[in-house]
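Following: one structure in structure tokens, then a few remarks.
The values are calculated or read from the model by the stated rules, or taken from the named source; none is laboratory data. Predicted, not measured: the structure shown is a model, and the values here were computed from it. Cβ sites come from the backbone with ideal geometry, for glycine too, and all protein chains shown count toward neighbours.
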């Protein structure tokens, strides 16, 4: 999207920042690079990734609805869901092989020795019952994309409450009964993602994306985005104080604070902070993107293909430790993280070049056909 159509470079830059945050969290946990990209503590790249996914999907859904029809928009979401599902199954297969062949990886992932029958891991992967550590967002994304056609149908008919009420109800159920909705790491072992609470982040962003043309102008006002970023920094300072001064698990006020900003079963505070950070960054980065469009476009390459980059990250997290064990807080880990980001950027350049050639060839063929008529 440009302001209303095409791509918005500020959104792509924010998505790229989320990928940077996730990369250092997965390959250089605890390092200075990790701390620099996780200073807010109660917000990280994974939350921004899911939020922006809902936001961008909504914009694409509404645009497809207006250009074609509701069926085309819903089919687009389901095709995207199918692609993510296939990626999830592939990652599960890779995790199974890594755990079966590598002693180092068998600790974190289920391999051949963890199942009694050959068909059990296959069924578990196909039914989203295997969610490799650091790769569970894929299965979450499958669920969200399966629910997206219902959200599109509701908003296309102007029935916002048909989206808001079920999303809020699922959030309450997920908060009260997290065991029913938390995706397992492997069958019988709970993972980290509670899809009933995470869907609230996605569909709240979906609603914002659906009404983006009304919202965007307000976020570009300096008084608004400066206030949002200021609020995020204050909450980040509170998070740092909570961890550094009172690191033990508490009760009373601290128990309430921890529940509000829980990052597995997302708390209300975590969701609000995610929107505050992303909205503030959008207002701050939009002038940057307009003043330096080429730089924004280069940084935004990774954001434009954030799903590709996340899958690359998942593959490396599974494969590399089978051959190389390293201290995640070390300089080597940060260099490795920078290398991963460089690989992602290179992949995105290749994909963009191929797409450009395809579009040029299609335009040339169309022009030739018009000339011969």
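Tabulated results
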| read-out | value |
| --- | --- |
| Residues being in contact (Cβ under 8 Å) with a residue 24 or more places away in the chain and either under 30 Å from residue 309 (Cβ atoms) or in contact with a strand residue (DSSP E or B) (Cβ under 9 Å, 6 or more places away or on another chain) (or both) - total across the stretch 116-162 | 29 |
| Hits in the stretch 178-193 (condition: in contact with a helix residue (DSSP H, G or I) (Cβ under 9 Å, 6 or more places away or on another chain) and either without any contact (Cβ under 8 Å) to a residue 60 or more places away in the chain or farther than 22 Å from residue 125 by Cβ (or both)) | 178, 180, 181, 183, 184, 190 |
| Check on residue 359, part of a helix (DSSP H, G or I) and over 24 Å from the mean Cα position of the chain (by Cα) | yes |
| Residue tally, condition within 16 Å of the chain's Cα centre (by Cα) and more than 15 Å from residue 51 (Cβ to Cβ), over the stretch 255-286 | 2 |
| Unmet criterion (only one of (1) assigned to a helix (DSSP H, G or I); (2) in contact (Cβ under 8 Å) with a residue 60 or more places away in the chain) for residue 312 | (2) |
| Residue that is under 22 Å from residue 263 (Cα atoms) and either in a helix (DSSP H, G or I) or more than 16 Å from the chain's Cα centre (by Cα) (or both), where the choices are 224, 142 | 142 |
| Of residues in the stretch 84-107 being free of Cβ contacts under 8 Å to residues at least 60 places away in the same chain and surrounded by fewer than 16 Cβ atoms within 10 Å (Cβ to Cβ), the one nearest to residue 205 (Cα to Cα) | 86 |
| Count of the stretch 121-142 residues which are buried (at least 16 other Cβ atoms within 10 Å of the Cβ) and more than 17 Å from residue 191 (Cβ to Cβ) | 1 |
| Odd one out for residue 21 among (1) in contact (Cβ under 8 Å) with a residue 24 or more places away in the chain; (2) touching a helix residue (DSSP H, G or I) at 6+ places or on another chain (Cβ under 8 Å); (3) not in a helix (DSSP H, G or I) | (3) |
| Residue within the stretch 46-64 that is over 21 Å from residue 153 (Cβ atoms), outside any helix (DSSP H, G or I) and at pLDDT 95 or above present | no |
| Options 184, 166; residue that is surrounded by 15 or more Cβ atoms within 10 Å (Cβ to Cβ) and in contact with a strand residue (DSSP E or B) (Cβ under 6 Å, 6 or more places away or on another chain) | 184 |
| Any hit, the stretch 315-329, residues being buried (at least 19 other Cβ atoms within 10 Å of the Cβ), in contact with a helix residue (DSSP H, G or I) (Cβ under 8 Å, 6 or more places away or on another chain), free of Cβ contacts under 8 Å to residues at least 60 places away in the same chain and assigned to a helix (DSSP H, G or I) | no |
| Residues within the stretch 29-40 that are under 19 Å from residue 137 (Cα atoms) and either buried (at least 23 other Cβ atoms within 10 Å of the Cβ) or touching a residue at least 60 places away in the same chain (Cβ under 8 Å) (or both), tallied | 1 |
| Which listed residue is in contact with a helix residue (DSSP H, G or I) (Cβ under 6 Å, 6 or more places away or on another chain) and without any contact (Cβ under 8 Å) to a residue 60 or more places away in the chain, from 45, 54 | 45 |
| Selection within the stretch 194-244 - touching a strand residue (DSSP E or B) at 6+ places or on another chain (Cβ under 8 Å) and either free of Cβ contacts under 8 Å to residues at least 12 places away in the same chain or within 21 Å of residue 56 (Cβ to Cβ) (or both) | 195 |
